[in-house]
Structures are given as structure tokens and as C-alpha cells.
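Beneath this line is the structure, given in C-alpha cells, with notes to follow.
The values are calculated or read from the model by the stated rules, or taken from the named source; none is laboratory data. A quick note: this is a predicted structure, and the numbers were derived from the prediction, not measured. All Cβ positions, glycine included, derive from the backbone under ideal geometry; neighbour counts span all protein chains shown. The area values use the complete protein model at the heavy-atom level, side chains included, leaving out ligands, DNA and RNA. Shrake-Rupley method; radii C 1.70, N 1.55, O 1.52, S 1.80 Å.
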Amino acid sequence: VQLQASGGGLVQAGASLRLSCAASERTFSTYIVGWFRQAPGKEREFVASINWSGGSTYYADSMKGRFTISRENAKNTVYLQMNSLKPEDTAVYYCAATQGYGLRSTGADYDYWGQGTQVTVSS
């Protein structure tokens, strides 16, 4: 499956952005999807994961309460709503997918990756 991440941009601290991850296949509705991010000079970091139905989600502690992952399987799309953005949220955000049940928070558990979308938060 091919993934296309979009929605990034340059915003001020406190603003919101919604990222989208669009998939090329209808079978995307059976995939676990995760969002990761990588800031310059830092390792890739888990952000959030959602199961195939959207009924279960999991977040990194630092994102809880500010970020929301959701999906619209009819549109083969997963979203990441990011509120109250901080300068430390600046990174390239990637979506990833893998088949299976449950949730995944480790990058190695994902088989397919999108190209990334840049999020820059100014202070």
C-alpha cells in the first residue's frame, strides 16, 4: 500500500493543524496506522496509533490531550489533529501502516511508510 501524508505547514505556537494520511488501497481499512515524527538531529519518535476500526487508539505521553488520531475508512484516510502546538512539535511527520490487530508503537512493526510532511511551529 502507498501512503501520502499531507497537511503540514508553518504555524505559530498555540495553533492547530490536521495532518492526513491517504492510502492507495481499499484494504487500508484493515491496517493499523501510526504517526511518527522526526526532528532535526533526533531519533524518530512515536506519536499515535489507531487500530483498523478506529475503535482503539494509543498516544505517546507527551501528545496525550493535544493530539487526536482518527480515521475514515470510506476515504482510506487517517488523520492526526494537533492542537496547542509547541515549538518542540516541529518535525517531519510520517504515517505508517501494517496489517494486523491491536496497536503498534514501534517503527519496526510497520511495513509501509509515507513520505512525510513538515510541521514547523514558531514561538
> Do we find a residue being open to solvent by less than 30 Å² (accessible area, probe 1.4 Å), more than 19 Å from Q12 (Cα to Cα) and in contact (Cβ under 8 Å) with a residue 60 or more places away in the chain anywhere in region 52-61?
Replying inline: no
> Going by the conditions given, is F28 at pLDDT below 95 and in contact with a helix residue (DSSP H, G or I) (Cβ under 8 Å, 6 or more places away or on another chain)?
Replying inline: yes
> Which residues, taken from region 80-123, are among the charged types (D, E, K, R) and either in contact with a Ser or Thr (Cβ under 6 Å, 6 or more places away or on another chain) or not in a loop (DSSP other than H, G, I, E, B) (or both)?
Replying inline: E88, D89, R104, D109, D111
> Across region 77-123, what is the number of residues that are within 28 Å of A13 (Cα to Cα) and small (G, A, S)?
Replying inline: 9
>> When the residues of region 11-41 are narrowed to those that are touching a residue at least 60 places away in the same chain (Cβ under 8 Å) and basic (K, R), which ends up least open to solvent (accessible area, probe 1.4 Å)?
In response: R37
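Which ones in region 16-46 are of a type in the set (F, W, Y) and over 11 Å from A5 (Cβ atoms)?
F28, Y31, F46
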> Any residue in region 9-25 that is at pLDDT 95 or above and among the acidic types (D, E)?
Replying inline: no
>> If a residue must be of a type outside the set (S, T, Y), more than 13 Å from the chain's Cα centre (by Cα) and within 22 Å of T30 (Cβ to Cβ), how many such residues does region 74-101 contain?
In response: 5
> modelled with pLDDT of 95 or more, under 17 Å from Q2 (Cβ atoms) and of a type outside the set (V, I, T) - does that describe any residue in region 52-65?
Replying inline: no
> Exactly one of (1) modelled with pLDDT of 95 or more; (2) β-branched (V, I, T); (3) in a helix (DSSP H, G or I) is unmet by V33. Its number?
Replying inline: (3)
> Applying the selection to region 89-101, what residues are modelled with pLDDT of 95 or more and open to solvent by 50 Å² or more (accessible area, probe 1.4 Å)?
Replying inline: Y94
>> over 10 Å from the mean Cα position of the chain (by Cα), crowded, with 18+ Cβ neighbours inside 10 Å, in contact (Cβ under 8 Å) with a residue 12 or more places away in the chain and over 14 Å from L19 (Cβ atoms): which single residue out of R104, R44, R71 fits that description?
In response: R104
> Looking only at region 24-41, which residues are within 13 Å of the chain's Cα centre (by Cα) and over 17 Å from Q81 (Cα atoms)?
Replying inline: I32, Q38
